[in-house]
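Reading through the structure tokens given below for one structure.
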Amino acid sequence: MKRIKYHAAVDTNLLHIFQSGIQEWYRQEGRNLPWRHTTDPYHILVSEILLHQTTVKTVEPVYRRFLERFPSVTDLARSSLEEVKAITDPLGYKIRGKWLHDIAGVVVNEFDGTFPNSLEELLRLPGVGRYTAGAILSFAYGYDAPILDTNVNRLIGRYFAINYKNPQAEVKHQLWSVAEAIVPSGQAREFNNALMDMGALICTARKPKCLVCPVATGCAMLTIPNQKHANFAAEERVQYRIRSALEKGTGHALEPD
């Protein structure tokens with residue numbers, strides 16, 4: 001499978017724990033979501049745009065309704081913007097309706113109705129950034145492309161000792177590099193879904209479930225004392241609560257102040 005390269009070296013033992021643990025967990029505990037039963041890039045695109053700043057539970061019925069009304073990218077391109085926004089605007093973040101309508105126009109007029117399958121061309125589409133492009137490349141086309149949304153960003157940062165809250169470009173590049181390096185060859189579809197579910201369900205922002213985490217034995221947040229070398233100042237209270245929870249056997253870290 002084609003890989004989207006960002007370049008990073010990752011410790012082999014930590015990588016094995018991470019890959020095998022997450023995939024085994026996902027096969028038992030992964031969420032059953034409607035957009036995970038398709039490889040149609042149009043369907044994947046619709047799901048990703050609808051999920052911007054919106055919960056899965058809220059998006060599911062809208063996703064189904066959207067595809068019933070606009071079953072193909074050509075149908076979407078031929079519709080009016082008002083028709084699209086009538087379905088998407090109730091979700092909030094109202095720019096998404098325009099993005100979907102504009103994307104459909106570009107795909108139909110510039111790509112003859114076929115979604116592009118390269119990172120460079122996908123990034124030309126309105127509202128499509130590296131995460132959405134990576135989702136389409138991995139979920140629709142099977143490329144070993146990385147993804148990095150808020151949940152995956154946190155999961156990777158904690159496990160591999162990267163200060164993921166640092167907004168500097170070099171830190172973001174490091175996170176993308178690791179996200180690319182950890183994708184098992186030929187397994188990006190399953191693995192990237194597993195990353196998202198782990199970040200959403202286990203490695204949560206405020207109350208991570210460390211006692212049931214399948215990769216806890218390799219996680220830097222639990223195995224490297226204080227994390228001072230990684231400048232985790234913003235995470236110090238969370239880390240303290242994680243350790244306290246483990247010592248007390250509660251399964252959840254206490255909620256930060």
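Numerical summary
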quantity: Counted residues, region 122-133 - those being assigned to a helix (DSSP H, G or I) and of a type outside the set (A, V, I, L, M); calculated: 3
quantity: Of residues in region 134-151 being over 19 Å from SER177 (Cβ atoms) and not in a loop (DSSP other than H, G, I, E, B), the one farthest from the chain's Cα centre (by Cα); calculated: ALA140
quantity: Flag if ASN192 is touching a helix residue (DSSP H, G or I) at 6+ places or on another chain (Cβ under 7 Å) and surrounded by 20 or more Cβ atoms within 10 Å (Cβ to Cβ); calculated: yes
quantity: Near pairs, Cβ below 9 angstrom, 6+ apart or cross-chain, from region 72-95 (assigned by TED's automatic domain parsing to the domain that holds VAL62 and among the aliphatic types (A, V, I, L, M)) to any residue that is at pLDDT below 95 and loosely packed, with under 14 Cβ neighbours inside 10 Å; calculated: LEU91/GLN53
quantity: Residue tally, condition within 12 Å of TRP25 (Cβ to Cβ) and β-branched (Val, Ile, Thr), over region 181-208; calculated: 1
quantity: Qualifying residue in region 18-25 (condition: touching an Asp or Glu at 6+ places or on another chain (Cβ under 7 Å) and either surrounded by fewer than 16 Cβ atoms within 10 Å (Cβ to Cβ) or assigned to a helix (DSSP H, G or I) (or both)); calculated: yes
quantity: Residue ID - surrounded by the fewest Cβ atoms within 10 Å (Cβ to Cβ), chosen from residues in region 98-121 that are in contact with a Leu (Cβ under 7 Å, 6 or more places away or on another chain) and assigned to a helix (DSSP H, G or I); calculated: LYS98
quantity: Condition check for VAL212: surrounded by fewer than 22 Cβ atoms within 10 Å (Cβ to Cβ), without any contact (Cβ under 8 Å) to a residue 12 or more places away in the chain, over 12 Å from PRO146 (Cβ atoms) and not hydroxyl-bearing (Ser, Thr, Tyr); calculated: no
quantity: Index of the failed condition, ASN163 passing every other in (1) outside any helix (DSSP H, G or I); (2) without any contact (Cβ under 8 Å) to a residue 40 or more places away in the chain; calculated: (2)
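Residues checked against (1) within 24 Å of the chain's Cα centre (by Cα); (2) farther than 18 Å from LEU50 by Cα:
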| residue | (1), (2) |
| --- | --- |
| VAL108 | no, yes |
| ASP112 | no, yes |
| GLU120 | yes, yes |
| THR132 | yes, no |
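Okay, residues lined up against (1) more than 15 Å from the chain's Cα centre (by Cα); (2) not in a helix (DSSP H, G or I):
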{"residue": "VAL171", "(1), (2)": "yes, no"}
{"residue": "SER185", "(1), (2)": "yes, yes"}
{"residue": "GLU190", "(1), (2)": "no, no"}
{"residue": "ALA200", "(1), (2)": "no, no"}
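The values are calculated or read from the model by the stated rules, or taken from the named source; none is laboratory data. Every value quoted in this text rests on a predicted model; they were computed, and no experiment measured them. Neighbour counts are summed over all protein chains in view; Cβ atoms, including those assigned to glycine, are modelled from backbone coordinates with ideal geometry.
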